[in-house]
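Peer 1: Sharing a structure, written as structure tokens. Questions coming.
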Amino acid sequence: MAASRLASKEVRQVLGIGAVCLVPVVLRNNYYIHLANAAMITMIVATGLNLLTGYCGQISIGHAAFWAVGAYTSALLTTRLGWSFWAALPASGLVAAVLGYVIGRPTLRLKGAYLAIASIGVGEIVQLVLLNWTKGTGGALGIKGIPFPRLLGFELATEFQLFYLIFAVFLTIFGVTDGIVRSPLGRAFLAIRQNEVAAQFMGVDIARLKVLAFVISTAYAGVAGSLFAHLQGYISPYGFGFKESVGILCMALAGGMGYRWGPVIGVLLLTIARESFRYFQDYQLVVYGLLLIVVIVFMPKGVAGSVPELVDKWRGRLRRRGQRRGQPT
Amino acid sequence: MQFSVSDLVQIILSGVAMGSIYALMALGFTIIYNALRLINFAQGDMFMLGATFGLTLFVMWRLPFSVAFLLAGLGVAVVGMIIERTVFRPLRRYPVLNLIIATIGISITLRALALIIWGSQALLFPPVFGDKPITVGKLVLMPHYLWIIGIAVVVIALLQAFFTLTLPGKAMRATAQNRDAAALMGINVFRMDSLASAISAGLGGFGGVLIAPVFFVTTEMGALAGLKGFAAAVLGGFGTIPGAIVGGLVLGVSESLAASVVSAYRDAVAFVILIAVLLWRPGGIMGRKTR
């Protein structure tokens, strides 16, 4: 019984991965594949935020800064020092994580929303440095000519080819996150979110683990930034600001914080929403903002959390109605 | 770089003027936080609405500036009240993060609506406070800075009188201290929420109309102003009224001083100070030391 269930789970996983691999073949249109690539990169950042906020209960409103740090690290290492993409990718994650540690260690020992506040500040400072430190970062002009990744002598230069690279990285990160969540470490994170004092009494080193959750999430953002730089081939300080930090947080929350599929659902939902609202032209952002408020008001646990609840409620109502009909006999 | 005394006075004066605007913003954050325990990221957009309302009333409808100023502030207060009634109240029992994201949704919506109404171009607000500098001995002073400081002082004094002298003001403070006890004493706490939201939005609005004649009016002007007002509130000690005022002034003056030395990093000053305060004195300048 257990063995067959395991087998069926693996079969489902393989089928799922196979289905995603067909996505670019089905989409065909380069623009759509590009959107899918950008969405997967955003999912990596959102997965980190889900670990930090959904599982560990800490809020960061400046994650785009770590994303930017990853992107610039990778861009500078490959264009100035001639590193290969494969070395720059982990290095970007590492640099972002070190910055995360420097910010997280002092602020997370305090109770309350200090990380949220500090992260806003970090977000703004990083953007201003990228803009004004012309020698290092190219200033407002950004960095051009970031090379495409090479694999076995081939250059991955099209959206189509890059899709599989980004998907592989996303899959790894998704798997690692899942492993963390199921491990004792993940349960300790959950304990912190639910009741800090109780967690502390059970011997959880809350300050250290909060920092760890933050560092992991910033490392994810750094890796995502590296992929982003090599996907675009060009980066500038614009596009890593408060708006972007908040945008990714919104996606993670709309999808459902603390649910495995939350970040994936949220990014897909809001990306598709934003693209289809282009039809409304000037009103695009009005509709987008209203949609965000509606999702928060009617699905406070996000799609992944609230839809199953709504379905249960609906089913229960149907069942009750059925029972009532049966009763008179 | 050499500064004469006159330069220094001017730098400090403009710093105090900007500081009073930050103080108004910070008070807005503080009042709504005390009532609803919520960081309102739409506060910057109240600032923007104040400026755009003021522009429409003063330039298009040709009302005198004093009337336009009052009506713009009141108009923004009404917007704040509507937001409380339609968004904050239904969300009261949800986690804080949901409320914060809802305020971000409001911010996106308002900014997009403003873009449709007022367009994406920077609009010029005529210099109502006169553009001829006043010379006192060797000092050269810009009149609009003096007006901004004067009006901000009046607004803050009125606010203080409201909180200490009137019954609704006292009721609001009681609600902030202990919501359940206040409700048991017969205070309509929901009405207090509405009032707090209106006052905090109105303060943002007044800040916006005051600054409009100095800078251009754009629909994006609220973004940075909102973050800086928030930084000022934290800097002074989040959740306290004197803290918001002191934080605003300290931020304004240090920004002005820093801008005269390294102008490119002018906007970073607020956030560097913010992080430094969080590291060494998380309770803020006026706050108690908290751990």
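The values are calculated or read from the model by the stated rules, or taken from the named source; none is laboratory data. Quantities reported herein were computed from a predicted structural model and do not represent experimental measurements. For neighbour counting, all protein chains shown are included, and Cβ atoms are generated from backbone atoms with ideal geometry for every residue, glycine included.
Peer 1: What pairs come out if I take residues in the stretch B:73-93 that are over 19 Å from B:MET25 (Cα atoms) and pair them with residues that are aromatic (Phe, Trp, Tyr) and modelled with pLDDT of 90 or more whose C-beta lies under 7 Å away, six or more apart or interchain?
Peer 2: These pairs meet every condition: B:ARG89/B:PHE190.
Peer 1: If you don't mind, there's one more thing I want to ask. How many residues, within the stretch B:22-52, are of a type in the set (Val, Ile, Thr) and in contact with a Phe, Trp or Tyr (Cβ under 8 Å, 6 or more places away or on another chain)? Don't jump to the end; show me each part of the working.
Peer 2: Applying the first criterion (of a type in the set (Val, Ile, Thr)) to the stretch B:22-52 yields B:30-32, B:39, B:52.
Keeping just the survivors that are in contact with a Phe, Trp or Tyr (Cβ under 8 Å, 6 or more places away or on another chain) gives B:30, B:39, B:52.
Selection size over the stretch B:22-52: 3.
Peer 1: Do we find that A:GLY142 is of a type in the set (Gly, Ala, Ser), under 28 Å from A:ALA68 (Cα atoms) and in contact with a helix residue (DSSP H, G or I) (Cβ under 8 Å, 6 or more places away or on another chain) in this structure? I'd like the intermediate steps shown before the answer.
Peer 2: Numbers: of a type in the set (Gly, Ala, Ser): yes; under 28 Å from A:ALA68 (Cα atoms): yes; in contact with a helix residue (DSSP H, G or I) (Cβ under 8 Å, 6 or more places away or on another chain): no.
For A:GLY142, the condition - of a type in the set (Gly, Ala, Ser), under 28 Å from A:ALA68 (Cα atoms) and in contact with a helix residue (DSSP H, G or I) (Cβ under 8 Å, 6 or more places away or on another chain) - is not met.
Peer 1: So which of B:VAL59, B:VAL16 ends up being under 22 Å from B:ILE245 (Cβ atoms), surrounded by fewer than 24 Cβ atoms within 10 Å (Cβ to Cβ) and in contact (Cβ under 8 Å) with a residue 60 or more places away in the chain?
Peer 2: Working: B:VAL59 fails: under 22 Å from B:ILE245 (Cβ atoms).
Unique residue meeting the criteria: B:VAL16.
Peer 1: Which ones in the stretch B:100-156 are hydroxyl-bearing (Ser, Thr, Tyr) and touching a residue at least 60 places away in the same chain (Cβ under 8 Å)?
Peer 2: At the first step, the residues of the stretch B:100-156 found to be hydroxyl-bearing (Ser, Thr, Tyr) are B:103, B:107, B:109, B:120, B:135, B:145.
Correct list: B:THR103, B:SER107, B:SER120, B:TYR145.
Quick grid of which residues meet (1) surrounded by fewer than 24 Cβ atoms within 10 Å (Cβ to Cβ); (2) closer than 27 Å to B:VAL96 by Cα; (3) of a type in the set (Asp, Glu); (4) facing chain B (nearest Cβ under 9 Å):
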site	(1), (2), (3), (4)
A:GLY70	no, no, no, no
A:TRP86	yes, no, no, no
A:VAL102	yes, yes, no, no
A:PRO106	yes, yes, no, yes
A:SER119	no, yes, no, no
A:VAL126	no, yes, no, no
A:ALA140	yes, no, no, no
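Peer 1: Select from the stretch A:76-126 the residues that are assigned to a helix (DSSP H, G or I), among the small types (Gly, Ala, Ser) and modelled with pLDDT under 90 and list them in ascending order.
Peer 2: Initially, the stretch A:76-126 is screened for residues assigned to a helix (DSSP H, G or I), giving A:76-79, A:85-108, A:114-126.
Then keep just the ones that are among the small types (Gly, Ala, Ser); that gives A:87-88, A:91-93, A:96-97, A:100, A:104, A:116, A:118-119, A:121, A:123.
Residues satisfying the conditions are A:GLY104, A:ALA116, A:ALA118, A:SER119, A:GLY121, A:GLY123.
Peer 1: Listed residues B:LEU8, B:LEU63, B:LEU13, B:LEU71; which is touching a strand residue (DSSP E or B) at 6+ places or on another chain (Cβ under 9 Å) and farther than 30 Å from A:TYR288 by Cβ?
Peer 2: Details: B:LEU8 fails: touching a strand residue (DSSP E or B) at 6+ places or on another chain (Cβ under 9 Å); B:LEU63 fails: touching a strand residue (DSSP E or B) at 6+ places or on another chain (Cβ under 9 Å); B:LEU71 fails: touching a strand residue (DSSP E or B) at 6+ places or on another chain (Cβ under 9 Å).
Going through B:LEU8, B:LEU63, B:LEU13, B:LEU71 in turn, just one is touching a strand residue (DSSP E or B) at 6+ places or on another chain (Cβ under 9 Å) and farther than 30 Å from A:TYR288 by Cβ: B:LEU13.
Peer 1: Return yes when A:LEU152 is on the phi > 0 side of the Ramachandran plot and either at the interface with another protein chain (Cβ under 9 Å from one of its Cβ atoms) or surrounded by fewer than 21 Cβ atoms within 10 Å (Cβ to Cβ) (or both) and no when it is not. Walk me through how you get there before you give the answer.
Peer 2: Values: on the phi > 0 side of the Ramachandran plot: yes; either at the interface with another protein chain (Cβ under 9 Å from one of its Cβ atoms) or surrounded by fewer than 21 Cβ atoms within 10 Å (Cβ to Cβ) (or both): yes.
Considered against the rule, which asks whether it is on the phi > 0 side of the Ramachandran plot and either at the interface with another protein chain (Cβ under 9 Å from one of its Cβ atoms) or surrounded by fewer than 21 Cβ atoms within 10 Å (Cβ to Cβ) (or both), A:LEU152 comes out as yes.
Residue-wise test of (1) within 14 Å of another protein chain (Cβ to nearest Cβ); (2) surrounded by fewer than 19 Cβ atoms within 10 Å (Cβ to Cβ); (3) in contact (Cβ under 8 Å) with a residue 24 or more places away in the chain.
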{"residue": "A:GLY203", "(1), (2), (3)": "no, yes, no"}
{"residue": "A:SER245", "(1), (2), (3)": "yes, no, yes"}
{"residue": "A:TRP261", "(1), (2), (3)": "no, yes, yes"}
{"residue": "A:GLN284", "(1), (2), (3)": "yes, yes, no"}
{"residue": "A:ILE293", "(1), (2), (3)": "yes, no, no"}
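Peer 1: Follow-up. Just for the stretch A:301-329: of the residues that are at pLDDT below 80 and not in a helix (DSSP H, G or I), which one is surrounded by the most Cβ atoms within 10 Å (Cβ to Cβ)?
Peer 2: A:GLN327
Peer 1: May I ask you to list the residues in the stretch B:89-106 that are at pLDDT below 90 and assigned to a helix (DSSP H, G or I)?
Peer 2: From the stretch B:89-106, those at pLDDT below 90 are B:89-105; that's our starting set.
Across the stretch B:89-106, the qualifying residues are B:VAL96, B:LEU97, B:ASN98, B:LEU99, B:ILE100, B:ILE101, B:ALA102, B:THR103, B:ILE104, B:GLY105.
Peer 1: Within the stretch B:76-123, track down each residue that is under 18 Å from the mean Cα position of the chain (by Cα), crowded, with 21+ Cβ neighbours inside 10 Å and either more than 12 Å from every other protein chain (Cβ to nearest Cβ) or more than 18 Å from A:MET251 (Cβ to Cβ) (or both).
Peer 2: Hits for the stretch B:76-123 are B:VAL76, B:ALA77, B:VAL79, B:GLY80, B:ILE83, B:GLU84, B:LEU110, B:ARG111.
Peer 1: Could you name every one of the helices (runs of 4 or more DSSP H) located completely within the stretch B:127-184 that has at least 1 residues being under 22 Å from B:GLY205 (Cβ atoms) and in contact with a Leu (Cβ under 7 Å, 6 or more places away or on another chain)?
Peer 2: Numbers: elements: B:143-165, B:167-177, B:179-184.
Qualifying helices (runs of 4 or more DSSP H): B:143-165, B:167-177.
Peer 1: Keeping to the stretch A:229-273, report how many residues are touching a Lys or Arg at 6+ places or on another chain (Cβ under 7 Å) and either assigned to a helix (DSSP H, G or I) or of a type in the set (Ser, Thr, Tyr) (or both). Outline the logic, then answer.
Peer 2: Narrowing the stretch A:229-273 to residues touching a Lys or Arg at 6+ places or on another chain (Cβ under 7 Å): A:234, A:256.
Filter again for either assigned to a helix (DSSP H, G or I) or of a type in the set (Ser, Thr, Tyr) (or both), leaving A:234.
Looking only at that region, the number is 1.
Peer 1: Next question. When both residues are 6+ apart or on different chains and their Cβ atoms are under 6 Å apart, which pairs have a first residue that lies in the stretch A:19-42 and is closer than 20 Å to A:MET251 by Cα, and a second that is surrounded by fewer than 18 Cβ atoms within 10 Å (Cβ to Cβ) and polar (S, T, N, Q)?
Peer 2: Close Cβ pairs satisfying both conditions: A:ALA39/A:THR271.
Peer 1: Go through A:GLY136, A:GLY145, A:GLY179 for me and flag whichever is surrounded by fewer than 18 Cβ atoms within 10 Å (Cβ to Cβ) and outside any helix (DSSP H, G or I). Please lay out each step first, then the result.
Peer 2: Working: A:GLY136 fails: outside any helix (DSSP H, G or I); A:GLY179 fails: outside any helix (DSSP H, G or I).
One residue alone meets the criteria, A:GLY145.
Peer 1: Can I ask one more? When you scan the stretch B:62-69, do you find a residue that is assigned to a helix (DSSP H, G or I) and either within 14 Å of chain A (Cβ to nearest Cβ) or among the hydroxyl-bearing types (Ser, Thr, Tyr) (or both), even just one? Steps first, answer last, please.
Peer 2: Narrowing the stretch B:62-69 to residues assigned to a helix (DSSP H, G or I): B:65-69.
Then keep just the ones that are either within 14 Å of chain A (Cβ to nearest Cβ) or among the hydroxyl-bearing types (Ser, Thr, Tyr) (or both); that gives B:66.
Yes, some residue in the stretch B:62-69 is assigned to a helix (DSSP H, G or I) and either within 14 Å of chain A (Cβ to nearest Cβ) or among the hydroxyl-bearing types (Ser, Thr, Tyr) (or both).
Peer 1: Still on this structure: Say whether the condition of being assigned to a helix (DSSP H, G or I) and of a type in the set (S, T, N, Q) is met by at least one residue in the stretch A:219-228. First the steps, then the outcome.
Peer 2: The first filter runs over the stretch A:219-228 and keeps only residues assigned to a helix (DSSP H, G or I), leaving A:219-228.
If we keep only those that are of a type in the set (S, T, N, Q) as well, we get A:226.
Yes, the stretch A:219-228 contains a residue that is assigned to a helix (DSSP H, G or I) and of a type in the set (S, T, N, Q).
Peer 1: Pick out the one residue from B:ALA268, B:ALA225, B:ALA244, B:ALA233 that is within 11 Å of another protein chain (Cβ to nearest Cβ), under 14 Å from B:GLY19 (Cβ atoms) and buried (at least 20 other Cβ atoms within 10 Å of the Cβ). Give the steps one after another, and end with the answer.
Peer 2: Values: B:ALA268 fails: under 14 Å from B:GLY19 (Cβ atoms); B:ALA225 fails: within 11 Å of another protein chain (Cβ to nearest Cβ); B:ALA244 fails: within 11 Å of another protein chain (Cβ to nearest Cβ).
Just a single option satisfies the conditions, and that option is B:ALA233.
Peer 1: If you go through the stretch B:179-186 one residue at a time, do you hit one that is at pLDDT 90 or above, under 19 Å from B:ALA77 (Cβ atoms) and out of contact with any strand residue (DSSP E or B) (no Cβ under 7 Å at 6 or more places or on another chain)?
Peer 2: Among the residues of the stretch B:179-186, not one is at pLDDT 90 or above, under 19 Å from B:ALA77 (Cβ atoms) and out of contact with any strand residue (DSSP E or B) (no Cβ under 7 Å at 6 or more places or on another chain), which makes the answer no.
Peer 1: Any residue in the stretch A:162-176 that is within 14 Å of chain B (Cβ to nearest Cβ), in a helix (DSSP H, G or I) and touching a residue at least 60 places away in the same chain (Cβ under 8 Å)?
Peer 2: Kept after step one, since they are within 14 Å of chain B (Cβ to nearest Cβ), are these residues of the stretch A:162-176: none.
No, the stretch A:162-176 has no match at all.
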